[in-house]
Amino acid sequence: MKIGGAEVWWRPPLKRRALGAALFLAAAAGTAGAAQYGGWGNAVNAESLSGSSADLNLDAKSDGCPILNPYDNSLYIASNRDGGHGGLDIWIAPWTGSGWGTPVNAGRTINTAADEFCPDPVRGNRLFFVRGQQANGGNTDIYVSKHLPNGGFQTPQRLPSGDGQINSGAQEWSPSWFEAGGHEVLYFSSTREGRQRIYYSVDFGPAQLADGGVNTSDPTVQDARPNVRHDGLEIVFDSNRYGTLGGQDILTAHRSSVDQPWGPAENLGPGINSPVNDTRASLSWDGTVLMFGSGRSGGGDVYTAVRSKNGE
C-alpha cells in the first residue's frame, strides 16, 4: 500500500487494539485441532549434513540467527564473515535438497556498515530484520523490506517507533511474524525495561509485554529472541533463567489458542542445549525443523534438529 506516495511494507493500524479473546476468536476456533509433534532429535551442526557447504559455518567467525525461508527452505543467517558490508550482515544459503550451500550476502539494500541480524523471511515475500549498533548498548531497531521476484529487496522501512511502539530508544531483537484472525502479529524482544523481555504487537500497533511463561519477574534474567510457530501456538526463545545448562539455553512454551497466555516455559534439554550460549532458535513453517546458533564449537555456528509431526 502507499501512504503519501511512499510504498509501505507494513500495515499501519487503523486503531489501537489490545490482544484479547474478541480479536482472535476466529483464530482460536480454527486452531483447536492443531497438529501435535514428537520430541526433538539431538542437534547437529548444520554443516555436517550431506548436502551442506563446507563454508556454511566458518572458523573464527560468528554465524548465527538462522531461520528458514517458508517458500524455498533457503537458510537466512547473520554473520561477520569476510565479504560483508560491515559488522554483522544477513546472508542467504540455498537449500540443496539435503543441506545448505555457500551463503551469499543479501546485498547493500539490506546490509550496511551497521549490524544487520535476526532475519525473519515470511509469507508475502517480506523480510523483517534488525539494524543498528549492538556495541556498548547502542540502539537497534526492527525494519522490513519487500522482496520482489524480479526486483530484489526493496528499500527497508523502520517499523513504528516512539513511546510504547515496536521500536524504542533501547535494543529490539528477533522479529517473529505470524497471522491470526485476519491480523498481523509481531513478536520480538527488547531491553526497554533494562533487560531483554518478550513483547508483541498487533497490526504494528503498540508494544505489549507477552503474558505467561515467556517472561519472568527476576531482574537478572534475559528472556530474548522469540520465534513463534506460524499458527501462533508454540514459541521458542533463549533465556538464562535458573536451571539452564550454561549461559543462554533454548526454551519453549505452548498455548491452546492465540488469545491465551503462554504456558510454562520448558528447557529443551541437553539434546539441544549445551554448557555455552545457545541462542535465537527458529521453527520451520511446518514446525518439524529447529534452527539455532551455538558457541559449542568454539565460535558461533548454526545447528539444527528435527522432529516428526504425529500422524505423518
Restricting to the range 154-182, name every residue that is buried (at least 19 other Cβ atoms within 10 Å of the Cβ) and in a strand (DSSP E or B). 167, 171, 172, 173, 174, 175, 176, 177, 178, 180
Within the range 269-312, restricting attention to residues that are within 17 Å of the chain's Cα centre (by Cα), closer than 13 Å to residue 43 by Cα and of a type in the set (A, V, I, L, M, F, W, C), which residue is surrounded by the fewest Cβ atoms within 10 Å (Cβ to Cβ)? 289
Working only within the range 169-184, note down all residues that are under 13 Å from the mean Cα position of the chain (by Cα) and on the phi < 0 side of the Ramachandran plot. 172, 173, 175, 176, 177, 178
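Results for (1) surrounded by 24 or more Cβ atoms within 10 Å (Cβ to Cβ); (2) among the charged types (D, E, K, R); (3) over 26 Å from residue 296 (Cα atoms); (4) under 20 Å from the mean Cα position of the chain (by Cα), shown as yes or no for each residue.
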residue: 53; (1), (2), (3), (4): no, no, no, no
residue: 85; (1), (2), (3), (4): no, no, yes, no
residue: 96; (1), (2), (3), (4): no, no, no, no
residue: 116; (1), (2), (3), (4): yes, yes, no, yes
residue: 123; (1), (2), (3), (4): no, yes, yes, yes
residue: 130; (1), (2), (3), (4): yes, no, no, yes
residue: 142; (1), (2), (3), (4): yes, no, yes, yes
residue: 146; (1), (2), (3), (4): no, yes, yes, yes
With modelled with pLDDT of 95 or more and in contact with a Lys or Arg (Cβ under 6 Å, 6 or more places away or on another chain) as the only criterion, which of 185, 236, 202 stands out? 202
Please determine, by comparing only the residues of the range 190-230 that are within 17 Å of the chain's Cα centre (by Cα) and on the phi > 0 side of the Ramachandran plot, which one is surrounded by the fewest Cβ atoms within 10 Å (Cβ to Cβ). 204
Farther than 26 Å from residue 165 by Cβ and crowded, with 18+ Cβ neighbours inside 10 Å, is that true of residue 239? no
In the range 239-246, is there at least one residue being farther than 25 Å from residue 290 by Cα, in contact with an Asp or Glu (Cβ under 8 Å, 6 or more places away or on another chain) and at pLDDT 95 or above? no
In the range 61-77, what residues are part of a strand (DSSP E or B) and at positive phi? 65
Which residues, taken from the range 78-126, are in contact (Cβ under 8 Å) with a residue 40 or more places away in the chain, under 13 Å from residue 65 (Cβ atoms) and either touching a helix residue (DSSP H, G or I) at 6+ places or on another chain (Cβ under 8 Å) or part of a strand (DSSP E or B) (or both)? 78, 93, 117, 118, 119, 120, 121
Out of (1) touching a residue at least 12 places away in the same chain (Cβ under 8 Å); (2) of a type outside the set (D, E, K, R); (3) over 16 Å from residue 272 (Cα atoms); (4) surrounded by fewer than 23 Cβ atoms within 10 Å (Cβ to Cβ), what's the single condition that is false for residue 246? (3)
Where the second residue is in a loop (DSSP other than H, G, I, E, B) and the first is free of Cβ contacts under 8 Å to residues at least 40 places away in the same chain and lies in the range 251-264, which pairs have Cβ atoms under 8 Å and are six or more apart or on separate chains? 251/241; 251/265; 251/268; 252/265; 252/268; 254/233; 254/263
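The values are calculated or read from the model by the stated rules, or taken from the named source; none is laboratory data. Everything quoted here is computed from the prediction, not taken from an experiment. In this analysis, Cβ positions are derived from the backbone assuming ideal geometry, glycine residues included, and neighbour counts consider all displayed protein chains.
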